[in-house]
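Q: Structure incoming, see below.
Readers should treat all values here as calculations from the given coordinates under stated rules, not as data from a laboratory. On a predicted model such as this, the values are computed, not experimentally measured, just so you know. Note that each Cβ is placed from the backbone with ideal geometry, even for glycine, and that neighbours are counted across all protein chains shown.
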Amino acid sequence: MIHCRIVLALLAAALLPVPALAQSPPGPGALVPAAAGRPVEVELRSAARAVAPGDTVPVAIRLLPNRGWHTYWRHAGDVGSPPAVTWRLPDGFTAAPLRWPTPERIEAPPLASYGYEHEVHLLGAVHVPSSARVGSTAKLGATLTWVVCEVECVAGDVDVALTVPVASRTIIDEAVARAFSAEAARIPARRDGWTFRAATDSENVLLHVYPPGESEIATGRTRPRVQFFIDSAGVIDHAAQPRVRTVPAGIELQMGRSAFAAGSPSRITGVLAIDTAARAGAFAPQVTLEVDAPVVAMAQLAAAAPPTLGTAGSWVALATAGLLALLGGTLLNLMPCVLPVLSIKMLGIAEAAAHDARTARRHVVLFGTGVLVSMWALVAVLLALRAAGTQAGWGYQLQNPAVVGALALLIFAAGLNMAGVFDLVPVGGSLSAAARHAPRGVEAFLGGVLITALATPCSAPFLAAGVAYAVTAGAVESFVVFTALGLGLIWPLALVAAVPRLRTWLPKPGAWMVTLRQVLAFPLFATVVWLAWVLGRQAGVNAMVALLGACTLLSLGLWVLGRFGTIAAPTGRRRLAQVLAMASAAGALALVSGASAQGAPGAAQAGSATPGDAAEGALAWRPYSAELLEAQRDSGRIVLLDFTADWCLTCKVNERVALGSEAVGVAIRDHDVALLRADWTTRDPAVTRALASFGRNSVPFVVIYPRAREAAPILMPTLLTSGIVTGALARAAESPPGVPKSAALTSGRVVPSPSLPKATP
């Protein structure tokens, strides 16, 4: 095989004495032509006919291999060795490092190398000291060690030299200077406005490339062909071509890990060549760039996209994210998972304020403290997960079946509390008349915790952008944004307690509030049924049965607390009832967590589209994969990608009201839309990466890819209607290549990059 012969030849070259292989003349000379045993012409060239003291002489090592042979780049790839130069210069003269033109891929499957099959100039420069004497002659010499290969490889070295007069002024050889300038155009450079980030896992190296915002790549109007020439061995598989996909504001290169990879590098360096021409044929890059990409955790990779609402970490970005989180938190109060509990809490605070405004305000503070402490605990866990290299977002904890079971028990306990089965009271002492009209301190604090727990399965407009910034920003910024989110949940209740006039708009307190409190317990029980279904999907029917048993055990303990743990009961009996209630709660949690950890073979797996998922009008939903998405787009079809989760109430509302409507079904069939469902019910790194590529880390999120391959994807709003979806599908069918149509937020946005602030890690 060819590659075996190359490797054997290189080994032989390493073992034999170099002079015996080189067969090069010992005497100096500016040009050493190719000869027998040396299939490469070597020349040392200078662009200066004369040089003044203190100036710099542009020089180059010119290599011209024989037809069919090739020389190597600064990193040769799988086989070969780069040319090495040892300068011989007069005292005081110094040589700058050589600059290497962009190489070519030289393939000999299953190997690949980086090099040059044609003439190449390795450009350099020699600085002349100011002490050089005018009228003298400077002799510039170098020893070049080289390897050239065809089917076999030959190694050798050669001495080259030239003389340059030292004169009062520098005289440039225009013909040579033009040749140097032409070669300099092939040398990759660092360009302003381009940013790079990389991440690795056990199988792949991912490189994100973000060009300036006005480029065709950044706006998504073109899908370029690329080649990446890495600077080091043992990182990527050189022979495998990188897989390229578009991400908001740039492109992603997915490259296979080297079989000899040991650990993860701290940086990925090399040269990126980009061919943006929309044509077939030979690879001809229009852009070549030096890449120096820090390797970050997978969770931080998407944060490299340039933000559009202010510089990452700036006050503008932080203020924007905080405002979005505040608005999102406010709208969460209207979500079906939060509204029942908040309504009772608001009426209770209003009743208490009518008797003692000071006590009511104190309990609002305790309620708000419960919300904020819960938010801070949530962001602390998010930061810990991010530090460990795990991607996480809003509602991430519900991907864990044990957490789903624990949340179901918490909501079940809240329902029993609202139904009047038990109440939380302090141990010992009596309550003042005013305090009897307000929620107790512990109950107020736990109410804030409960509201936060109930809010996590929901999403709301504005919420995704703020939270996406928070989970990729620094720790301080993350805490600020989540604090704003908590304040959004708190301020309506605080306003009712602080402004007496607002309380006149609420119904007058009375016995009807007890009935309303009990009635609103049933939506919480319905929520428990839904969470039991989610748990069954995640961990199987055994876990669902365990949850029902845990609810029975918990209800027994709380009934004992309500029956024998009242404030009027003797102290000993009350404390015993409290101990039994806590024991039943601990037993219920242990039962659920144990069953959840075991799972079940029949449980739904993340990323799958089950028959129940396809219920919307009997539409053919298919499970998401990056390969399937690219295949559907390459076939010219419109693609609707639905990021969802069984624990996301807003997702289920969207699926029922919008995606499952008859009008949307007709539009899907009329436009031949491919339907992909990315299920985030349990943790799936592929789905998490896909979300992160749009700067998102929460669901619901729906993306529509237009029929035109070059058109930018349409990012849908959080809350959908059938009209919003059908309108977006119509635009996706009509968008001309490279000219995506804009649309208002309420009807879907066509965006080439996420319009939300992100932080640079």
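Q: Go through 110-117, 411-418 and give me the packing order, highest mean Cβ count within 10 Å leading.
A: Most protected by this proxy first, the peptides run 411-418, 110-117.
Q: If you don't mind, another one. Can you give the extra length, in nm with one decimal, that the chain gains between Glu117 and Ala586 once fully stretched, where that is 0.36 nm per residue apart less the Cα-Cα distance?
A: Contour length minus the Cα-Cα distance gives 161.6 nm.
Q: Further question: Taking the Cα centre of segment 132-196 as the origin and placing charges on Cβ (Lys, Arg +1; Asp, Glu -1), which of Val148, Gly135, Pro188 is farthest toward the positive end of the dipole?
A: Looking along the dipole axis, the top candidate is Gly135.
Q: I've got another one for you. Once you have the Cα-Cα distance between Arg49 and Ile567, take 0.36 nm times their residue separation minus that, and quote the gain in nm to one decimal.
A: 176.1 nm
Q: Tell me, in nm to one decimal, what length is gained between Ala384 and Glu203 on full extension, where the rule is 0.36 nm per residue of separation less the Cα-Cα distance?
A: Gain in length upon complete extension: 62.7 nm.
Q: Points 7 angstrom from Cα along the Cβ direction at Arg709 and His127: gap in nanometres?
A: Each label point is offset 7 Å from its Cα along the Cβ direction, giving 5.0 nm.
Q: Could you work out the Rg to Rh ratio of segment 629-740, with Rh taken as the Kirkwood radius (inverse of the mean 1/r over all Cα pairs)?
A: Rg/Rh: 0.95.
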